[in-house]
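So the structure is just underneath, and the comments pick up after that.
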Amino acid sequence: MSGKRTLLEIEDLRVGFRTQDGLVQAVRGASLEVAAGGALGIVGESGSGKSVAMLTVLGLTRGPTAEIAGEIRFEGRDLVGARESELRAVRGGRIAMIFQDPQSSMHPFYRVGRQLVEALKAHQTMTRTAARERAVELLALVGIPEPRRRVDAYPHEYSGGMRQRAMIAMALANDPELLIADEPTTALDVTVQAQILDLLARLREELGMALVLLTHDLGVVAQVTDEIAVMYAGEVVERGSREAILTAPEHPYTWGLLRSIPRLDRPRREELVPIAGSPPSLLAPPSGCAFHPRCPYVREAHRRVHPPLDPAPGAVVHDVRCLLPATTRRRLWRELAAPAEGGAR
């Protein structure tokens with residue numbers, strides 16, 4: 001999807017977990033690409049499969065109850081069939097991940113500096129003194145004030161925003177080529193959210209690393225990503241350039257995500273429109289189009305025919321999984337995007 005070298009390529013990834021109730025089909029044939037130095041946003045509600053897909057990249061979904069199929073290639077190297085020792089060399093070194101809750105991701109009994117030192121020494125040969133000095137540099141890099149003093153603080157002595165910055169510092173410890181950020185602004189106030197997003201954008205630019213940002217909020221990915229993939233019920237239902245997804249979306253689920261967030265260019269009193277219904281059970285995903293039980297434009301064929309992820313007609317970088325004709329989709333979006341009459345600004 002980009003003219004740059006492909007760093008990470010996921011093709012027809014399927015991840016299931018055997019339970020007493022049956023097989024949970026968490027990811028159902030997802031295909032994604034991340035270019036070297038690029039930024040991909042993966043958007044979807046809880047249970048859409050975005051986190052499971054990225055955890056599988058790192059080998060963190062492997063286990064006796066997991067069923068994994070498809071291809072994951074990082075710089076051409078197969079990760080699905082890689083040995084655990086090979087994955088350990090990649091995980092935390094070449095690919096790093098920021099998890100959703102920094103408070104539960106950091107050990108509460110160890111000082112932040114010690115945890116940074118351990119992350120450095122796990123992948124690099126260096127003295128503890130050199131590692132500690134590097135830990136101070138990393139804290140300064142992510143904007144933590146007085147890093148030489150705060151390196152000896154415990155996680156609970158940091159604010160929520162500072163803990164998130166410390167997690168980012170830990171992820172950057174070994175100069176990864178790819179950083180995966182899973183809901184990095186959850187539970188932070190709006191001001192701190194903006195600071196964290198600005199930090200990720202700056203670090204990506206300065207360090208030349210690729211970024212994958214997982215979120216349920218299209219407003220978040222609009223700030224820091226080049227390309228966007230929308231996931232629903234374990235599938236990619238739409239993907240394309242940021243401009244295409246935000247200004248000319250073609251899937252009804254993407255329309256719902258966009259209409260459920262406030263926008264400054266809309267009438268002030270215009271009501272947000274939630275997506276009706278609930279995500280389906282992945283123990284028994286719907287037949288045909290996975291979104292059809294919630295889609296207001298559903299037709300009978302949508303209940304039987306599973307739509308492929310096809311290029312949108314006339315679009316350079318835009319794929320959509322929908323059985324509605326392209327002309328119909330575009331007409332519907334124009335009607336939905338038109339400001340409501342009489343709205344007060």
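The values are calculated or read from the model by the stated rules, or taken from the named source; none is laboratory data. In this text the structure is predicted, and so the values were computed from the model without any measurement. We place every Cβ from the backbone using ideal geometry, glycine too, and count neighbours over all the protein chains shown.
No other residue among V80, V90 is farther than 24 Å from V151 by Cα and crowded, with 20+ Cβ neighbours inside 10 Å apart from V90.
Checking each residue of region 22-42 against the condition of being of a type outside the set (V, I, T), in a strand (DSSP E or B) and surrounded by fewer than 16 Cβ atoms within 10 Å (Cβ to Cβ) gives at least one match.
Look at region 304-323: where a residue is loosely packed, with under 13 Cβ neighbours inside 10 Å and a partner is part of a loop (DSSP other than H, G, I, E, B), sitting 6+ places away or on another chain with Cβ atoms under 7 Å, you get R304/S287; R304/G288; P308/R321. V192 falls short on exactly one of the conditions (1) of a type in the set (V, I, T); (2) surrounded by fewer than 22 Cβ atoms within 10 Å (Cβ to Cβ); (3) touching a His at 6+ places or on another chain (Cβ under 6 Å), and that condition is (3). Note on region 104-141: among residues that are touching a residue at least 12 places away in the same chain (Cβ under 8 Å) and among the hydroxyl-bearing types (S, T, Y), the one that is surrounded by the most Cβ atoms within 10 Å (Cβ to Cβ) is S105.
Pairs are defined by a Cβ separation below 8 Å, a sequence spacing of at least 6 or placement on different chains, a first member in region 330-345 that is at pLDDT 80 or above, and a second member that is hydroxyl-bearing (S, T, Y); the pairs so defined are L332/Y297. Of everything in region 63-78 that's free of Cβ contacts under 8 Å to residues at least 40 places away in the same chain and part of a strand (DSSP E or B), which residue is farthest from P176 (Cα to Cα)? That would be D78.
Just one of (1) over 17 Å from L178 (Cβ atoms); (2) surrounded by fewer than 20 Cβ atoms within 10 Å (Cβ to Cβ) fails for E205. It is (1).
Would you check if L246 is touching a strand residue (DSSP E or B) at 6+ places or on another chain (Cβ under 9 Å), crowded, with 20+ Cβ neighbours inside 10 Å and of a type outside the set (D, E)? Quick ask: steps written out before the conclusion?
Working: touching a strand residue (DSSP E or B) at 6+ places or on another chain (Cβ under 9 Å): yes; crowded, with 20+ Cβ neighbours inside 10 Å: no; of a type outside the set (D, E): yes.
Taking the combined requirement at face value, the residue does not satisfy it.
The set of residues in region 200-231 that are over 18 Å from N174 (Cα atoms) and in a helix (DSSP H, G or I) comprises A201, L218, G219, V220, V221, A222, Q223, V224.
Quick check on region 203-214. Is at least one of its residues touching a residue at least 40 places away in the same chain (Cβ under 8 Å) and in contact with a Lys or Arg (Cβ under 6 Å, 6 or more places away or on another chain)? Even if it seems obvious, please write down each step before you answer.
Going residue by residue through region 203-214, those that are touching a residue at least 40 places away in the same chain (Cβ under 8 Å) are 203-204, 208-214.
Still in the list and also in contact with a Lys or Arg (Cβ under 6 Å, 6 or more places away or on another chain): 211, 214.
The answer is yes, given that some residue of region 203-214 is touching a residue at least 40 places away in the same chain (Cβ under 8 Å) and in contact with a Lys or Arg (Cβ under 6 Å, 6 or more places away or on another chain).
Checking every residue in region 79-90 against the condition of being in a strand (DSSP E or B) and either in contact (Cβ under 8 Å) with a residue 24 or more places away in the chain or in contact with a helix residue (DSSP H, G or I) (Cβ under 8 Å, 6 or more places away or on another chain) (or both) gives zero matches. Residues in region 91-127 that are within 22 Å of the chain's Cα centre (by Cα), assigned to a loop (DSSP other than H, G, I, E, B) and basic (K, R): R94 only. Looking across region 208-228 at every residue that is at pLDDT 90 or above and polar (S, T, N, Q), the one that is surrounded by the most Cβ atoms within 10 Å (Cβ to Cβ) is identified as T225.
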